[in-house]
Amino acid sequence: MQRRQRQILSQFLGLTLGLFAIWIMLSGQLETKFLLIGFFSSLAISYVCFPLLMIGEKDGEKEFFVFGVNYLKLFLYSLWLMGEIFKASIDVAKEILKPHMDYEPRVVHFSMPYENPMASVVLANSIILTPGTITLDVTEDGIFEVHALTKGAAEDLLSGEMAERVAALYGENCTFTPMPEAEITDIPKEAY
């Protein structure tokens, strides 16, 4: 219990200091009275908002801080994700510029039961940011339903690399499980 209280206090202080740093950057005032006003305002805002930034696990036993992520890992993940977005953009542009439409749209499913709900949110949004893929649904038990414009996009997604990188980002030990039996490939091309 002591460890959990220290963790909550550290997250609260981190939020307060982050808000205070933003206040200093926006105000540009370094006089003592302005610094005190900014610090106590940041403290009050953190006190009011902190409970709103705690989200519970699906069974309600644990709570997670929304911004509770290693920021260095988040930065490295963001760089990797930008590279993936660039590569996927090139692939989608190639498909669009082809004179005949030979892409194979499909809906794929995979299981990645994260404990922290924010990990599911980050993965779902990372998929949406990558051109050629759209997250359609995420169930409570961690089954993702994703529309992929091409077979290559589906294969990249089903490799599990993105899901495992998000798991590492949040320190999760869950396993990626592709579900090829649930794949839908008979999507009419007239829908596009």
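Take peptides 133-140, 105-112 and line them up by average Cβ neighbours within 10 Å, highest first, as a rough protection proxy. Working shown, then result.
Details: 133-140: 15.5, 105-112: 20.0.
Ranking, from highest mean packing down: 105-112, 133-140.
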Discussion item. Just to confirm, what accessible area per residue do you get for the chain at 1.4 Å probe, in whole Å²?
Written reply: 62 Å²
Item to complete: Give a residue-ordered list of calculated ³J(HN,Hα) values for the range 119-129 (Karplus: 6.51 cos²θ - 1.76 cosθ + 1.60, θ = phi - 60°; whole Hz; x for Gly, Pro).
Response: 5, 5, 5, 5, 5, 4, 6, 5, 5, 5, 5
Fill in: FRET efficiency, 1/(1 + (r/R0)^6) with R0 45 Å, evaluated for LYS62 and ASP186 via beta carbons
0.65
Worksheet item: Over all Cα pairs of the range 6-51, how is the pair count split among 10 Å bins, expressed in % and running from 0 up to the last occupied bin?
Response: 31, 50, 18, 1
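Can you order the peptides 120-128, 91-99 by their average number of other Cβ atoms within 10 Å per residue, highest first?
Working: 120-128: 19.1, 91-99: 12.1.
Ranking the peptides 120-128, 91-99 by packing returns 120-128, 91-99.
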Worksheet item: Cα-based count: Lys pairs in the range 9-130 below 29 Å, eight or more positions apart or different chains?
Response: 4
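Just order 155-163, 38-46, 75-83 by mean Cβ neighbour count inside 10 Å, highest at the front, would you?
Numbers: 155-163: 18.3, 38-46: 16.1, 75-83: 13.0.
Packing order, densest peptide first, comes out as 155-163, 38-46, 75-83.
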Worksheet item: Mean residue ellipticity at 222 nm from the helices of the chain, using -39,500 (n - 2.57) per DSSP H segment of n ≥ 4 over the full residue count, to the nearest 500 deg cm²/dmol?
Response: -17500 deg cm²/dmol
Fill in: Whole-Å distance, taken between Cα centres, linking the range 97-168 and the range 1-31
35 Å
Practice prompt. Enumerate the amide H contacts of LEU136 below 5 Å, restricted to partners 5 or more residues apart or on another chain; note that Pro and chain-start residues carry no placed amide H.
Written response: GLU145, VAL146, HIS147
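Quote the charge dipole size of the range 28-108 about the Cα centre in Debye, to the nearest 20; the model charges only the Cβ of Lys and Arg (+1) and of Asp and Glu (-1). Each step should come with its number before you reach the end.
Working: 8 positive and 10 negative charges, 45 e Å.
Taking the Cα centre of the range 28-108 as origin, the dipole is about 220 debye.
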Item to complete: Rank ALA88, GLY152, PHE110 by how far each Cα sits towards the positive end of the charge dipole of the range 74-192 (+1 on Lys, Arg Cβ; -1 on Asp, Glu Cβ) and give me just the farthest.
Response: ALA88
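If you take the alpha carbon radius of gyration of the range 23-111 and divide it by 2.2 N^0.38 Å, what ratio comes out, to two decimals?
Values: Rg = 22.9 Å, N = 89, 2.2 N^0.38 = 12.1 Å.
That works out to 1.89 for the range 23-111.
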Worksheet, complete the sentence: With the 8 Å Cα cutoff and a minimum separation of six or more residues, the range 1-108 has a relative contact order in percent of 17 percent
Response to the item:
Going residue by residue through the range 57-73, the Karplus relation 6.51 cos²θ - 1.76 cosθ + 1.60 with θ = phi - 60° gives ³J(HN,Hα) values, rounded to whole Hz and with x marking Gly or Pro, of 5, 4, 8, x, 7, 10, 10, 10, 7, 4, 9, x, 9, 6, 6, 5, 4
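Calculate the all-directions average of the projected area of the range 79-185's alpha-carbon convex hull, and give it in nm². It would help to have the intermediate numbers written out before the result.
On the way: hull surface 25.2 nm².
Reported value for the Cα convex hull: 6.3 nm².
Translational diffusion coefficient of the range 135-190 at 20 °C, 1.002 mPa s, Stokes-Einstein with Kirkwood Rh over Cα pairs, in µm²/s as a whole number. Could you put the intermediate results ahead of the total?
Working: Rh = 12.7 Å.
Answer, rounded: 169 µm²/s.
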Worksheet item: In terms of the Cα gyration tensor, with a ≥ b ≥ c the square roots of its eigenvalues, is the range 61-128 rounded because a/c is under 1.5, prolate because a/b exceeds b/c, or oblate?
Response: oblate
Response to the item:
Between CYS49 and PHE86, the FRET efficiency computed from the C-beta separation at R0 = 41 Å comes out, to the nearest 0.05, as 0.70
Worksheet item: What area, in nm² and to one decimal, does the C-alpha convex hull of the chain cast on average over all directions?
Response: 14.4 nm²
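The values are calculated or read from the model by the stated rules, or taken from the named source; none is laboratory data. Because the structure is a prediction, the values reported are computed rather than measured. A quick note on method: Cβ atoms are made from the backbone with ideal geometry, for glycine too, and the neighbour counts reach across all protein chains shown. With ligands, DNA and RNA removed, areas are computed over all heavy atoms of the protein, side chains included. Shrake-Rupley method; radii C 1.70, N 1.55, O 1.52, S 1.80 Å.
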